[in-house]
1. Any residue that is out of contact with any helix residue (DSSP H, G or I) (no Cβ under 7 Å at 6 or more places or on another chain), basic (Lys, Arg) and within 22 Å of D:Arg226 (Cβ to Cβ) - is there at least one of those in region D:164-175?
2. Considering region D:116-142 alone, what residues qualify as being facing chain B (nearest Cβ under 7 Å), part of a helix (DSSP H, G or I) and within 21 Å of the chain's Cα centre (by Cα)?
3. So B:Val73 clears everything in (1) in contact (Cβ under 8 Å) with a residue 24 or more places away in the chain; (2) in a loop (DSSP other than H, G, I, E, B) except one condition, right? Which one?
4. Test of understanding: among B:Leu192, B:Leu137, B:Leu151, which residue is within 14 Å of another protein chain (Cβ to nearest Cβ) and farther than 30 Å from C:Glu120 by Cα?
5. Going by the structure shown, is D:Ile4 surrounded by fewer than 23 Cβ atoms within 10 Å (Cβ to Cβ) and either within 17 Å of the chain's Cα centre (by Cα) or closer than 21 Å to D:Gly109 by Cα (or both)?
6. Can you spot a residue in region B:301-315 that is polar (S, T, N, Q), within 30 Å of B:Leu152 (Cα to Cα), over 20 Å from the mean Cα position of the chain (by Cα) and within 14 Å of chain C (Cβ to nearest Cβ)?
7. So D:Val318 ticks every box in (1) in a helix (DSSP H, G or I); (2) within 14 Å of chain B (Cβ to nearest Cβ) but one. Which box is left unticked?
8. For D:His102, state whether it is touching a strand residue (DSSP E or B) at 6+ places or on another chain (Cβ under 8 Å), away from ligand 4 (no atom under 16 Å from the Cβ) and over 16 Å from D:Ala5 (Cα atoms).
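No lab work stands behind these numbers, since they all come straight from the coordinates. Bear in mind that the values here come from a model prediction, so they are computed numbers and not experimental data. No Cβ is skipped: glycine too gets one built from the backbone with ideal geometry, and neighbour counts run over all protein chains shown.
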Amino acid sequence: MSEITVNEAVSQALAEEMRRDPRVVMFGEGVATKRRELVREFGEKRVRNTPLAEGIIAGTAVGAAATGLRPVVDLLFAPFLCFSMDEIVNSAGKLRYMSGGQFAFPLVAIAMTGGGWTVGAQHNHNVESWFVHSPGLKVVMPSTAADFKGLLKAAIRDDNPVLFFVDLALGFEPGEVPDGEHVVPLGKAATLRAGRDVTLISYAKTVNHCLQAADDLAKAGISAEVIDLRSLKPLDEKAILASARKTGRVLVVHEASRMCGVGAEVAAIVAEKAFDALKAPVLRLTGPDAPAPSSYVLEQAFIPQPGAIVEAVRKLVVPAFAA
Amino acid sequence: MSEITVNEAVSQALAEEMRRDPRVVMFGEGVATKRRELVREFGEKRVRNTPLAEGIIAGTAVGAAATGLRPVVDLLFAPFLCFSMDEIVNSAGKLRYMSGGQFAFPLVAIAMTGGGWTVGAQHNHNVESWFVHSPGLKVVMPSTAADFKGLLKAAIRDDNPVLFFVDLALGFEPGEVPDGEHVVPLGKAATLRAGRDVTLISYAKTVNHCLQAADDLAKAGISAEVIDLRSLKPLDEKAILASARKTGRVLVVHEASRMCGVGAEVAAIVAEKAFDALKAPVLRLTGPDAPAPSSYVLEQAFIPQPGAIVEAVRKLVVPAFAA
Amino acid sequence: MERIASDTRPEAMLECMMLIRAYEERLAAMQAAGQAAGTCTSVGQEASAVGVVRALGPDDRILTNHRSAGHLIARGADPGRILAEVMGKRDGYCKGKSGSLHVSVKELGVVLTSTIVGGELSLATGVGLSHALLGEQGIVACFFGDGAACEGIFHESLNLAAVWKLPILYVCENNQWQAYVHRKETMLGDRISEWAAKYGMEGLTVDGNDVEAVHAAATQAIASIRRTGKPFLLETYTYRLRGHYEPDDQSYVDPAELSAWRAKDPIDRLRAKLLTSGTLSETGLQQMRQRVAAAIEQAVAFAAASPFPDTAELTTDVYA
Amino acid sequence: MERIASDTRPEAMLECMMLIRAYEERLAAMQAAGQAAGTCTSVGQEASAVGVVRALGPDDRILTNHRSAGHLIARGADPGRILAEVMGKRDGYCKGKSGSLHVSVKELGVVLTSTIVGGELSLATGVGLSHALLGEQGIVACFFGDGAACEGIFHESLNLAAVWKLPILYVCENNQWQAYVHRKETMLGDRISEWAAKYGMEGLTVDGNDVEAVHAAATQAIASIRRTGKPFLLETYTYRLRGHYEPDDQSYVDPAELSAWRAKDPIDRLRAKLLTSGTLSETGLQQMRQRVAAAIEQAVAFAAASPFPDTAELTTDVYA
Ligand SMILES: Cc1ncc(C[n+]2csc(CCOP(=O)(O)OP(=O)(O)O)c2C)c(N)n1
Ligand SMILES: Cc1ncc(C[n+]2csc(CCOP(=O)(O)OP(=O)(O)O)c2C)c(N)n1
Ligand SMILES: [Mg+2]
Ligand SMILES: [Mg+2]
């Protein structure tokens, strides 16, 4: 084990996978400027700056993936994905199917998002659920340094297009990462804390808020289980349902807006498949239906905070405890 | 009342609103070719063909809306919205907020989607939930000629950006439309059939499939209520919950894929706010997590059909009836 | 096993153009009769397809757009399997999943038929990058329309290909139409090849209704790409003789313009030339017609006999 | 009540440039000290902002990009309210909701500061359409960078503006950088104005570090737009003297290039010229400096004193 930051974990994963597989290439706006160490080790052909044009960056990745390369593209901030939707959704996600399985699209698109830097709604928009909704894509959004490393490595090795979202508030978070080869399979949630009374399901930075809330709840005698989804697609239904059945109470927490978010999907799955085990309504605590504000106070108010999580849990749990 | 098709209803709404308000303009690829009658009545300045470029079509609408016009743009098929995501999501949806309320964006973007024409996944992709998830936008997807007319008129009069989705299988469907001014408010669902035992919630063409299923269910002694959401955002939570509380059993049906679709949102709302009234799990019947196939047999298999709806309802209802 | 066609004798190119024409007219007739789904034909543009595709080598790759039947057939694709795909049958090149406007054939190097206008432009640079980085011999031919040239991705694709020096032959089939909109309504200039210079790329416009001229220009452009590694923009100036999407009554088309272009039909032109020069005899022509007709009958029979896919196919091939 | 600035005397333009510089350097210092969020400065590019904006009339509208402080201040915006916005305070032009890179000021005709690179290009045509259809007098000035010129929307915007004859002055501030990438890595040509001809549009490159030259060129271009109704592409060739986003150590910048451009600093240039010609005295300059310093102190005090927005503001202004 060594302690490294999330950003370092990402850099390690990139370097290790480029070393392992010469077909892995990386490009994007400023990639070669910002990742000098990759350029030094792998050369200017495999690590490239691009013109400022997200459509062709993503499209180039799709075409390259179809014909033998395994591109990783940095699309910077999630709202810029709006310029790559055709390439990601209509091409990367659909062309394996539309070609009757003739072509594969092993590529990874990285994008940052989330509050914390007061960059405003055109740099901060949690749109991961768009890609969960779209066929043919996988979606990953880790919360720990170890998972950033292990999931990025798995994403690069996966033969499908993977969206890899980086919650930008986590970049400098340190975390223990296993030494040596460390690959985390896509599609597996992690139970970060076991509990009896309620399940908190989350991903990205709000996982940490759930862990903080669970500490506070423990002091109040409420035992909360905390599940980090990590992969949003494939979604680990088994882990979600096992915990829901165990505690009978579920709160889903994320920073993305509520309507048709990942929380809606998790709640719907629980309401369908763990219905008989539920002791209380399934609750969601999410960002509001509003663009991300820039002002620090508003930005913090946008994000579900530990205090709000505790409060929501009390609503779920107290009637039972009172009874 | 007169019987007209959905396409005619759309044309009537456009003509009436352009007549009523000189600020309403319409443009898009082939709009002036295909809507000669509008060109004749309102002139080439207000009804325009554009170059083949969805980004600037949408962007032009956003800029025009900010400065006094009320544009309606035809973006043809929903997958082409992928080229307009920045303009719709990052500009139209966010700039009112980001300007602190200084600017308004009254515009309507029309797009067709849905199976029935075997046009394949690059012309048929139900992405309405993306826009429901995004702030600042409204989303409409009617099922009857009367609602096509009334909701399009309301959308044009609304001071927010509205996505208006046309299920292309419905274009030639006839329906009774009230004579004279007919405006249907955004955000109100319609109860198309009252029932006791189960609530079927849907929108677009699958509403018709629900009605057919309800007929069949009635023969089997099961009384189904059918709700047509019509507006996906704002979503008529009140109508959803009232019916859920009444029947205690809910099936949500749509053609869009399951994960993070509108069905997930409806199910999550019901699971949270009608929990105590539920007699059975909330079920969803949706298109699969796959691109829309072209082959007619596969395309039909993609769409939730009346038979499948009946079957799903039996799962929901029979235990109770058996008990 | 697919076979890449490579015969560049004028009479072979004529027969190929006739086959494309016969295939598309038959398909349009079937559509009018309700026997097949709608599609886009390339009637009038066969010289562009055959002239360019037959200038390609076996290691070259192709990306094209919704009007791709000509490119596919010129490359050697089986009209029966194309038609089966259009009809959503199991023996279509994509198992019936793609339908009419998205046929790809990996074995022939056809990476993509994109019905997203511009989709081929967005992927071509990546295919070019693969060729450049993986040490492959071939170049990449990317066919697109004058309409696609209005999409932003045109700008992004050409610029990147120029900056990265990718081995791509961009072929703009300027057929004067963008669905129901005349090209003149969408741009002020007349020659799309002139836009190449802006990117620091070579560009050339050729008479797209003269298959020998197209073939010569493409051969030259491809040689230049192979030599320099740099992209090239070739514009084939031509005309869409049928409607945008079958059935289409062309009521929005200026009849004078249409008939002027009908007079330049690329098939009539080459046939007349070959007959006059004696390269082709009337009997030879007659035999060609018979071979073409037989091929079409066989294709129709094949596609008709092919079963629909099993509904289990609905969710296969989504993920690896 | 906002007042549109319109003084075009050289000494007024000098003072305005000094104000912009002082504002941005103060902001960068505050950011370095952790007192404000990151931002993009336009240090070195003040002549482009002031020269163009002061050539606009009161009915003209402006759309700009993330590097907009110069355009805003040149138009008469209050540095205090801009700073308050950057700091997320209630008295910011957008109530603190937009933050640093998205300040719009309706009363000054500033429709948009887009931090989506190219967002200003996508909206400009619509604003132009409003002007054309609603019979408004003004033209639309759309500022964007050389980086934005690589986005597809550049192509789409210019093409549509040309085809529809919209009254738009496109101003490409070619500052040689696109965040952390030098322009030469992203395009083969050197002059973005040359791309105008392709669209059938007039284009011109001007020395972007000479405010009088910029002002003269913009005045001419605007006159042509008012006369013809047609768009115009003006390129101001300049250089970004500070980093992309504060703080930025510029470690990736070639020091020789940077110092060559520092020698062409637009403020030094005009100041020297005005002093030499006697248009400005040393005392006059001293007074200017004092006024600028006072304005900045006032702005900082204003922004510091402004409260943060109430959290109830989180969900207001989302819908009409
Ligand atoms: C992104 C996108 N926008 C619009 C369409 C609808 N459409 C299909 S073909 C076509 C015209 C294309 O014109 P061009 O590129 O010149 O090709 P042509 O059809 O003339 O061969 C249009 C508008 C589409 N398929 N994709
Ligand atoms: C669509 C989009 N892509 C990328 C970025 C990140 N970014 C912000 S500014 C910038 C450079 C812009 O270069 P240019 O247009 O030349 O403007 P300049 O910063 O030089 O003034 C980049 C890449 C962005 N904000 N928006
Ligand atoms: Mg065309
Ligand atoms: Mg720049």
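1. Yes, there is a match, as at least one residue in region D:164-175 is out of contact with any helix residue (DSSP H, G or I) (no Cβ under 7 Å at 6 or more places or on another chain), basic (Lys, Arg) and within 22 Å of D:Arg226 (Cβ to Cβ).
2. Once the filter is applied, which keeps residues that are facing chain B (nearest Cβ under 7 Å), part of a helix (DSSP H, G or I) and within 21 Å of the chain's Cα centre (by Cα), region D:116-142 yields D:Gly119, D:Ser122, D:Leu123, D:Ala124, D:Thr125, D:Gly126, D:Val127.
3. It fails just one condition, (2).
4. On the way: B:Leu192 fails: within 14 Å of another protein chain (Cβ to nearest Cβ); B:Leu151 fails: within 14 Å of another protein chain (Cβ to nearest Cβ).
Testing whether each residue is within 14 Å of another protein chain (Cβ to nearest Cβ) and farther than 30 Å from C:Glu120 by Cα leaves just B:Leu137.
5. Criteria met by D:Ile4.
6. Narrowing region B:301-315 to residues polar (S, T, N, Q): B:305.
Subsequent filtering for residues that are within 30 Å of B:Leu152 (Cα to Cα) retains B:305.
Filter once more, so that each one left must be over 20 Å from the mean Cα position of the chain (by Cα): none.
Among the residues of region B:301-315, not one is polar (S, T, N, Q), within 30 Å of B:Leu152 (Cα to Cα), over 20 Å from the mean Cα position of the chain (by Cα) and within 14 Å of chain C (Cβ to nearest Cβ), which makes the answer no.
7. Unmet condition: (1).
8. yes
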